[in-house]
Amino acid sequence: MAYLKIFPIKVTDKKALDYITNPDKTDEKLLVSSFGCSPETADLEFSMTREMAKKNGMDKGDNLAFHLIQSFKPGEVDAENAHRLGQQFADEVLKGKYEYVISTHVDKNHIHNHIIFNAASFVDHHKYVSNKRSYHKICRISNRICQENCKSAKNPKAYRTKHQAEYQLHDSLKKELQDLGVTKIPSSNKIQKQIENLESEQAATLREKQELQKKQNTLDIIQQNFTALLNAPEISSDLLPTKREPVSVTRDK
């Protein structure tokens with residue numbers, strides 16, 4: 001089961017959001033997601049929602065946001081699944097009414113989720129109520145999600161025995177990679193992001209090539225027109241003005 005802790009943020013939510021989205025803790029922010037807001041501007045969007053709640057007379061108390069920590073036992077779940085379960089947990093607890101940012105930290109020996117959600121709802125502007133009753137409720141939700149999804153946590157030895165072949169293959173590949181000097185294997189999300197970046201760069205290069213081709217075509221047309229003017233036959237002399245003969249004037253002596 002995951003350990004839960006929740007506490008209010010009363011002074012500034014910006015520092016807390018910066019902390020939980022630290023790239024060094026979240027696999028270069030690959031393990032950062034959000035709902036109803038953007039992780040980069042969540043503090044501003046939280047503030048706007050609270051201002052709306054204040055105008056509607058719903059801004060009671062001095063809580064700006066809440067910081068919820070969901071910590072898993074070592075080996076209970078991997079980072080990607082922990083992040084997915086954290087999102088499922090947050091969605092079920094907050095019911096789509098509160099903006100939140102979730103991050104999964106992998107810098108410790110135990111994987112854990114940080115969820116910071118706005119104290120005011122952007123749907124009905126009501127403030128979130130945190131007390132013993134609500135804490136026990138979210139604990140039950142988290143426990144149920146873990147029981148349904150963290151299968152290896154129920155009986156780790158039985159799980160390893162059942163999947164002994166996969167573990168042996170993993171250990172063999174790990175040793176081969178270590179012999180080649182590879183000590184850290186990037187996550188599938190990281191590899192996918194690198195692929196997307198390469199595809200984006202390729203698309204940008206293609207667009208640049210097309211623009212250069214258009215410019216080259218335009219230059220070719222200008223050159224053809226200029227050459228045609230140079231090679232055009234001379235203008236007919238009949239169209240030129242008639243040359244006048246000089247007139248001599250004789251003065252009388």
Being under 24 Å from HIS126 (Cβ atoms), among the charged types (D, E, K, R), buried (at least 18 other Cβ atoms within 10 Å of the Cβ) and touching a residue at least 12 places away in the same chain (Cβ under 8 Å) narrows it down to one residue among ASP27, ASP13; which is it? ASP13
Take the residues of the stretch 75-104 that are touching a residue at least 24 places away in the same chain (Cβ under 8 Å) and under 16 Å from the mean Cα position of the chain (by Cα): which is nearest to HIS136 (Cα to Cα)? GLN87
Collect the residues in the stretch 89-108 that are more than 11 Å from SER71 (Cα to Cα) and loosely packed, with under 15 Cβ neighbours inside 10 Å, keeping them in residue-number order. ASP91, GLU92, LYS95, GLY96, ASP107
Qualifying positions in the stretch 62-75 - part of a loop (DSSP other than H, G, I, E, B), surrounded by fewer than 21 Cβ atoms within 10 Å (Cβ to Cβ) and touching a helix residue (DSSP H, G or I) at 6+ places or on another chain (Cβ under 7 Å): LYS73, GLY75
Please count how many residues of the stretch 60-84 are closer than 22 Å to ILE9 by Cβ and in contact with an Asp or Glu (Cβ under 8 Å, 6 or more places away or on another chain). 2
Taking the condition of being over 12 Å from ILE115 (Cα atoms) and buried (at least 20 other Cβ atoms within 10 Å of the Cβ), how many residues in the stretch 32-41 meet it? 2
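Every number in this text was worked out from the coordinates using simple rules, so none of it is lab data. In this text, all values refer to a predicted model and were calculated from it rather than measured experimentally. Please note: Cβ atoms are built from the backbone with ideal geometry, for glycine as well, and neighbour counts cover all protein chains shown.
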